[in-house]
Amino acid sequence: MSTVSSRTETASHADVELWIRMYRQMTAIRLFEERVNELYTRALMPGLAHLYIGEEAVAVGVCEALRREDYITSTHRGHGHCLAKGASPDRMFAELLGKAAGYCKGKGGSMHIADPSTGNLGANAIVAGSVPIATGAAFSSKYLGNGRVAACFFGEGALGQGVVYEEMNLAQLWKLPVIYVCENNLYTEYTHVSETLAGDILARAKSVGMAAETVDGQNVRAVHEAAAKLVERARAGEGPSFLCCNTYRFHGHHVGDINREYYRSKREEQDWKKERDPLAVHAAWLVAQKHADAAQLEQIEAEVKAEIAKAVEFAINAPYPNQEEVDRDVYA
Amino acid sequence: MSTHEVVTREITFAEAIREALAEEMRRDSRVCILGEDVAEAGTPFKVLSGLVEEFGTGRVIDTPISEAGFTGLGVGAAMTGIRPVVDIMFGDFITLTMDQMVNQAAKIHYMSGGRWKVPMVMRTTLGAARRSAAQHSQSLHAWFSHVPGLKVVLPSTPYDAKGLLKEAIRHENPVVFFEDKMMYKMKGPVPAEDYTIPLGVADVKRAGEDITFVATSSMVQVALGAADLLAEIGISAEVVDPRTTWPLDEQTIVESVKKTSRAVVLDEGYERYGVTAELAALIAERAFYDLDGPVRRMGAMHVPIPFSPPLEDATIPTPQKLFELAREMCGRS
Ligand SMILES: Cc1ncc(C[n+]2csc(CCOP(=O)(O)OP(=O)(O)O)c2C)c(N)n1
């Protein structure tokens with residue numbers, strides 16, 4: 001597992017800015033998701049809600065290594081990816097509530113947020129459904145020579161799908177600028193990884209000769225450092241790579257998944273929340289290294305909270321789409 | 001619905017499915033279940049709760065998220081002495097199994113000159129209205145109905161679900177069984193004793209004189225709801241449920257339309273090139289001279305199912321829409 005290099009003493013102003021920004025981004029995702037949880041529980045949000053709480057460092061660490069015009073693809077658990085890539089919370093919430101002001105005019109909902117202005121090719125509700133799309137985006141980047149990189153987020157559950165292996169083979173053959181980011185949160189819906197995956201995760205990528213590494217997905221700097229290196233490689237034409245981020249979802253598979261003891265223990269959940277909360281880990285480090293003090297972090301949290309509250313307000317008051325919208329956008 | 005002089009309980013659609021599986025698994029040790037989160041979780045809809053406790057993980061088998069893989073494995077297992085019931089969580093994911101079902105399962109018996117058979121069941125879901133958006137709301141049963149070699153079952157009541165599923169499991173051919181997600185909690189009378197319902201026999205869910213509604217799965221409730229509304233204004237609607245799209249009980253449908261001389265066909269699949277088209281063609285071909293006017297159809301609007309509640313609601317037939325159409329067809333608008 002790669003560790004964070006110890007160049008803290010020589011941290012530049014830009015480094016510190018990045019670390020603080022990453023804290024802010026993770027806080028934004030956390031608070032966003034807490035409000036989703038609440039909206040859903042109060043029956044204000046239709047459909048399903050898959051929370052990203054606990055996994056914030058992965059989306060933020062990877063997306064901070066990308067440029068705005070770089071691409072991402074996301075999953076059913078996608079709010080964090082979309083926010084980290086630059087989506088704004090008000091239009092996100094509006095989409096989650098099915099409102100016309102949402103990123104997809106309310107047509108997509110929680111599992112399908114897409115936003116061309118931030119390079120977001122879309123969240124996808126088919127497990128592994130976005131792996132070919134990200135690979136295709138990397139293909140056009142190479143074809144058009146525009147230097148863009150694609151980051152493809154998926155859970156370890158997606159490794160069950162054959163198409164992932166077809167795409168990794170193609171990407172490696174053609175040296176496509178794509179990073180496959182596997183979020184190993186240990187469970188698919190209700191099943192532990194040991195019951196769904198045989199063998200070693202990295203070996204899958206290595207079998208086609210792809211660069212592959214594992215990183216602590218609860219440490220945003222570690223994720224960022226690893227991702228930055230792989231993105232740079234991809235941009236330089238050195239081909240695809242695979243980044244396995246070990247992480248954990250703190251909540252259920254979706255908001256309604258409350259009684260979870262039949263597939264994972266309360267104790268395990270508590271341990272992760274107590275010892276491996278990515279926000280707490282990063283905050284403690286920032287303070288210990290004197291890059292920030294507690295008051296500064298509280299200030300960030302207060303600012304983000306206010307922004308999120310405003311966004312929720314906006315979404316709740318926003319109108320639903322007109323019925324005429326229903327058969328628009330079927331064809332371009 | 002056929003009446004039985006035996007002990008009948010009110011159970012839910014989900015319980016009927018679970019009972020059918022449990023009884024068949026007790027009867028035949030070759031019957032097993034393969035799918036994602038089917039064991040301890042009992043599926044996200046909890047339809048299979050309790051089965052793993054009785055039959056163990058050797059027969060209620062959790063798979064990785066590999067729809068093509070475990071469906072194809074099911075085909076091979078069915079050819080070689082197992083009777084797998086393959087669980088595809090959402091009907092939308094049958095797309096991932098297409099080669100296994102269409103080029104393999106459906107063709108093997110014929111291509112082998114009748115030497116191999118594939119006694120396999122695929123259980124999956126259909127139906128919108130859960131605010132689950134475009135990749136979790138489709139009703140794609142027309143696709144399988146289109147392919148020779150497959151049989152397609154669409155139960156609309158707990159009674160039908162149990163009898164048809166038991167029949168499907170005992171059947172010698174690949175059968176695809178579509179369950180409406182919105183129906184799992186619906187209750188209905190189900191006899192306690194063993195029974196099966198043959199594939200290819202329609203059921204008249206309500207008798208009537210003035211107009212026929214041929215409705216499948218989720219649309220049976222819509223048709224019954226509209227029939228209630230019509231009764232209030234003196235129009236008597238008959239509701240015919242084919243129960244299987246293939247084999248298709250043509251005779252029951254045609255006889256009903258000949259009697260009433262008006263027909264609307266309803267199905268939750270996309271209206272274009274779907275089940276409604278096939279049923280309307282059947283009526284036009286075989287009851288044309290008995291009709292007072294054109295056959296009408298209602299299905300899902302030709303759009304990906306939207307997430308936003310007011311938009312989603314506009315895409316599927318409702319009792320009110322059907323009521324208005326039928327009233328107009330009966331010259332009463
Ligand atoms: C093709 C397909 N099969 C099944 C599902 C149902 N499903 C939704 S999420 C999920 C588990 C996904 O696990 P993983 O990929 O590890 O992501 P996580 O939920 O852990 O983030 C499953 C089985 C689906 N959406 N798509």
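Just so it is clear, none of the values below were taken in a lab; they were calculated from the coordinates. None of these values were measured; they are calculated from a predicted model. Neighbour counts run over all protein chains shown; Cβ positions are idealised from the backbone, glycine included.
Calculate, in nm to one decimal, what A:Asp329 and A:Tyr165 gain on full extension: separation in residues at 0.36 nm each, minus their alpha carbon distance.
55.8 nm
With everything on Cα atoms, drop me the angle between helix B:67-79 and the longest principal axis of chain B, reported from 0 to 90° to the nearest 10.
It works out to around 80 degrees.
Nearest 5 percent is fine: what portion of the DSSP beta bridges confined to chain B is antiparallel?
Bridges in chain B are about 25 percent antiparallel.
For chain B, what class follows from the C-alpha gyration tensor (a ≥ b ≥ c being the square roots of its eigenvalues): rounded when a/c is under 1.5, otherwise prolate if a/b is larger than b/c, else oblate?
Numbers: a/c = 1.65, a/b = 1.62, b/c = 1.02.
It comes out prolate by the Cα gyration axes.
Step through the residues of segment B:139-152 one at a time and calculate ³J(HN,Hα) from phi using the Karplus curve (6.51 cos²θ - 1.76 cosθ + 1.60, θ = phi - 60°), rounding each to whole Hz and writing x for Gly and Pro.
Here the 3J(HN,Hα) series is 10, 9, 5, 4, 4, 6, 5, 7, 9, x, x, 10, 10, 10 Hz.
At what distance in angstrom do the alpha carbon centres of segment A:266-303 and segment B:272-328 lie from each other?
The two parts, judged by their Cα centres, are 57 Å apart.
For chain B, set up a Gaussian network in which alpha carbons nearer than 10 Å are linked by springs, and say which option among B:Val240, B:Val102, B:Val264 fluctuates the most.
Comparing B:Val240, B:Val102, B:Val264 in a Gaussian network model of chain B, the most mobile one is B:Val102.
Calculated from DSSP H runs of 4 or more alone, at -39500 (n - 2.57) each and per residue, what is the 222 nm mean residue ellipticity of chain B, nearest 500? Write out the running numbers ahead of the final one.
Numbers: 11 runs with 112 residues, N = 333.
Here the helix-only value at 222 nm equals -10000 deg cm²/dmol.
How much of the DSSP beta bridge set in segment B:203-329 is antiparallel, as a percent to the nearest 5?
Values: 3 of 15 bridges.
Within segment B:203-329, antiparallel bridges account for around 20 percent of the total.
Output wanted: per-residue J couplings in Hz (rounded whole) for segment A:203-216, from phi through Karplus 6.51 cos²θ - 1.76 cosθ + 1.60, θ = phi - 60°, x for Gly and Pro.
4, 5, 6, 4, 5, 9, x, 8, 5, 8, 8, 10, 9, 6
What distance in nm lies between label points placed 7 Å from Cα along the C-beta direction at B:Ala22 and A:Ala14?
Computed distance between label sites B:Ala22 and A:Ala14 equals 6.6 nm.
Mind checking which lysines have their Cα closer than 24 Å to the Cα of A:Lys105? Skip sequence neighbours fewer than 8 apart in that chain.
A:Lys85, A:Lys310
For segment A:13-316, with only Lys/Arg (+1) and Asp/Glu (-1) charged at the beta-carbon, what is the dipole magnitude about the Cα centre, in debye rounded to 20?
560
Starting at the first residue of segment A:187-198, write each ³J(HN,Hα) from the Karplus equation 6.51 cos²θ - 1.76 cosθ + 1.60 with θ = phi - 60°, in whole Hz, x for Gly and Pro.
9, 7, 7, 9, 10, 6, 4, 5, 9, 10, 10, 9
Quick one: which residues, 5 or more positions from B:Val240 or on another chain, have an amide H under 5 Å from its amide H? H modelled 1.01 Å from N in the peptide plane, none for Pro or chain starts.
Here the answer is B:Lys205, B:Phe213, B:Val214, B:Ala215, since their amide H atoms fall under 5 Å of that of B:Val240.
Please figure out what share of the DSSP beta bridges in the protein assembly as shown is antiparallel and state it in percent, rounded to the nearest 5. Please list the in-between numbers first.
On the way: 12 of 68 bridges.
DSSP beta bridges in the protein assembly as shown are roughly 20 percent antiparallel.
Out of segment A:273-323, which trypsin sites (Lys or Arg not before Pro) are coil in DSSP terms and have no more than 13 other C-beta atoms within 10 Å?
When the trypsin sites (Lys or Arg not before Pro) of segment A:273-323 are filtered for loop state and at most 13 Cβ neighbours within 10 Å, A:Lys290 remain.
Decide, for the protein assembly as shown, between rounded, prolate and oblate: order the square roots of the alpha carbon gyration tensor eigenvalues as a ≥ b ≥ c, take rounded if a/c falls under 1.5, and otherwise choose prolate if a/b is larger than b/c, else oblate.
prolate
Mind checking which of A:Glu34, A:Glu64, A:Glu166 has the largest fluctuation in a GNM of chain A, springs on alpha carbons under 10 Å?
A:Glu166
Taking the Cβ of each residue in B:Trp116, A:Trp19 as the centre, tally the other Cβ atoms inside 10 Å and list the residues starting with the fewest. Spell out each step's value before the answer.
On the way: B:Trp116 14, A:Trp19 22.
Result, fewest neighbours first: B:Trp116, A:Trp19.
Tell me which lysines have Cα within less than 23 Å of B:Lys181's Cα, excluding those fewer than 8 residues away on the same chain?
A:Lys107, B:Lys46, B:Lys151, B:Lys162, B:Lys166, B:Lys205, B:Lys321
Which loop GluC sites (Glu not before Pro) in segment B:206-291, with loop taken from DSSP, have no more than 13 other Cβ atoms within 10 angstrom of their Cβ?
Counting only loop positions with at most 13 other Cβ atoms within 10 Å, the GluC sites (Glu not before Pro) in segment B:206-291 are B:Glu209.
Residues with amide H under 5 Å of A:Gly122's amide H, sequence separation 5 or more or different chain, H placed in the peptide plane at 1.01 Å from N; which?
Result for A:Gly122 returns A:Ser74, A:Asp115.
What ranking do A:Lys229, B:Lys166 get, fewest neighbouring Cβ atoms within 10 angstrom at the top?
Numbers: A:Lys229 16, B:Lys166 20.
By the 10 Å Cβ count, ascending, the order reads A:Lys229, B:Lys166.
GNM, chain A, Cα, under 10 Å: largest mean-square fluctuation among A:Gly102, A:Gly147, A:Gly78?
Evaluated over chain A, the most mobile residue of the options is A:Gly147.
Assign one of three labels to segment B:10-191, namely rounded, prolate or oblate, based on the Cα gyration tensor with a ≥ b ≥ c the square roots of its eigenvalues; rounded applies when a/c is under 1.5, prolate when it is not and a/b is larger than b/c, and oblate otherwise.
The shape class here is rounded.
Give a quick list of trypsin sites (Lys or Arg not before Pro) in segment B:15-81 that DSSP marks as loop, anything other than H, G, I, E or B, with at most 13 other Cβ atoms within 10 Å.
Working: sites: B:Arg18, B:Arg26, B:Arg27, B:Arg30, B:Lys46, B:Arg59; in loops: B:Arg30, B:Lys46, B:Arg59.
Answer in residue order: B:Lys46.
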